[in-house]
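The values are calculated or read from the model by the stated rules, or taken from the named source; none is laboratory data. This structure is a prediction, so every number in the text was calculated from the model and none was measured. Backbone-built Cβ (ideal geometry, glycine too); neighbour counts: all protein chains shown.
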Amino acid sequence: GKPVDSAGYCSLPPQDASYDFRHELGHACEKAGMSVKRIHHECGPGQNEIELNLTPCLKNADDSLLCQWILQLLASQRHQRILFSPKPFSNQAGNGLHHHIQLRDLQTGKNVLADAEWSPSLSNNDPNRLSDVCRHGIAGLLKYASEITAVFASSNESFVRLQPGFEAPSQTTWDFSNRTALVRIPHCSQESLRFEYRGGDLSGSVHLFGAILLAAVLRGIRDKLELSPPANCNVEEMMQEELERRGIQSVPQTLEQCLTVLNNSLFLKEVLGPEMIQVLIERDEELIREKKQ
């Protein structure tokens, strides 16, 4: 088959042929108990994005699976096929799974990522608006980005998607409103402050993906990891010398590299346990064998 249209980012009908499908999808998700923030056409042909409002981690993963099932059901009724694969078309934007993360105090409900003394008169891109908890949490995501990739990436397409040019970051950087950074802080108020992990996709378990993201954030907070300076540039255009000078590393680029991480990461063994790690190792070994056939 071929894409239903060749429309672009936030296109409108008649170029956008998915408008009525998204309308039906939004109503179906709401009826199923999900809180939909926005749905719109994305950059690629026939590509659409659905963003759900923030919910607790487990419900977020459950809703993600339910949403995929609803999408497949609606598509089948229209004699269409939904592709969740990371890179359906080599020369177009891939399909990602971005996680927006926010931490709140269980007693007060306060957003603990925002610095309480930050003045709204300062720049929205001021690192001083971030609390220590926020800084440590982002640092945890960057330190354990290789482990995160090794957990969620269960397709060779995952690494094709992470190639430069399509806003699918693979370098351990963070920034404000910068879509080439692995961790991005969107433009938002202090009350709604959050950070977004942009490296993931739907090839693996959404529950394991959410769990390892949360574990990396909490480990960064526990260990008070120091956060590097923001990227302040298009990361995809950085030369290798500059990446090395700033201590910026790349996440795994192959299943073989992921397998090495799974075999050697003490962090993964501690947070997921040896039994789950063995399942992931066997998964990657099988995928590598299939690739060689």
Task: Members of segment 261-290 found to be among the charged types (D, E, K, R) and more than 19 Å from L218 (Cβ to Cβ), listed by number - done: E275, E282, R283, D284, E285, E286, R289, E290
- [ ] List every residue pair whose Cβ atoms lie under 9 Å apart, where the two residues are 6 or more positions apart in sequence or sit on different chains, the first residue falls within segment 110-138 and is outside the structural domain of D175 (by TED's automatic domain parsing) and part of a helix (DSSP H, G or I), and the second residue, located anywhere, is crowded, with 19+ Cβ neighbours inside 10 Å and of a type in the set (F, W, Y).
- [x] none
Open item on the list: Need a quick list: helices (runs of 4 or more DSSP H) entirely within segment 249-293 having at least 2 residues that are closer than 20 Å to R161 by Cβ and among the basic types (K, R).
Closed with: 274-292
Task: Options E24, E51, E42, E30: the member that is crowded, with 17+ Cβ neighbours inside 10 Å, outside the structural domain of V133 (by TED's automatic domain parsing) and of a type in the set (D, E) - done: E42
Task: Among residues of segment 237-255, those that are closer than 11 Å to T149 by Cβ and out of contact with any Ser or Thr (no Cβ under 8 Å at 6 or more places or on another chain), counted - done: 2
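Can you find, within segment 173-205, the residue that is nearest to A93 (Cα to Cα) among those that are in a strand (DSSP E or B) and of a type in the set (D, E)? Lay out the reasoning, then the answer.
Narrowing segment 173-205 to residues in a strand (DSSP E or B): 174-176, 183-185, 195-197.
Still in the running and of a type in the set (D, E): 175, 196.
Values: D175: 21, E196: 18 Å.
If we take residues in segment 173-205 being in a strand (DSSP E or B) and of a type in the set (D, E), then E196 is nearest to A93 (Cα to Cα).
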Task: Which listed residue is in contact (Cβ under 8 Å) with a residue 24 or more places away in the chain, surrounded by 21 or more Cβ atoms within 10 Å (Cβ to Cβ), closer than 13 Å to K143 by Cα and in the same structural domain as G109 (by TED's automatic domain parsing), from L225, L262, L218, L268 - done: L268
Task: Pair list, Cβ < 9 Å and 6+ apart or interchain, from segment 171-196 residues that are in contact (Cβ under 8 Å) with a residue 40 or more places away in the chain and over 15 Å from L227 (Cβ atoms) to residues that are assigned to a loop (DSSP other than H, G, I, E, B) and of a type in the set (S, T, Y) - done: Q171/T180; T180/T173; P186/S177; P186/S192; H187/S177
Open item on the list: Residue under question is E241, and the condition is that it be assigned by TED's automatic domain parsing to the domain that holds P127 and either crowded, with 20+ Cβ neighbours inside 10 Å or over 23 Å from C57 (Cα atoms) (or both); does it hold?
Closed with: yes
TODO: Filter segment 150-170 for residues that are in a helix (DSSP H, G or I) and out of contact with any Phe, Trp or Tyr (no Cβ under 9 Å at 6 or more places or on another chain) and give the result.
DONE: A150, E157, F159, V160, R161
Task: Checking H98 against (1) touching a helix residue (DSSP H, G or I) at 6+ places or on another chain (Cβ under 9 Å); (2) touching a residue at least 24 places away in the same chain (Cβ under 8 Å), the condition it does not meet - done: (1)
Open item on the list: Among (1) buried (at least 18 other Cβ atoms within 10 Å of the Cβ); (2) assigned to a loop (DSSP other than H, G, I, E, B), there is one condition G1 misses while meeting the rest; what is its number?
Closed with: (1)
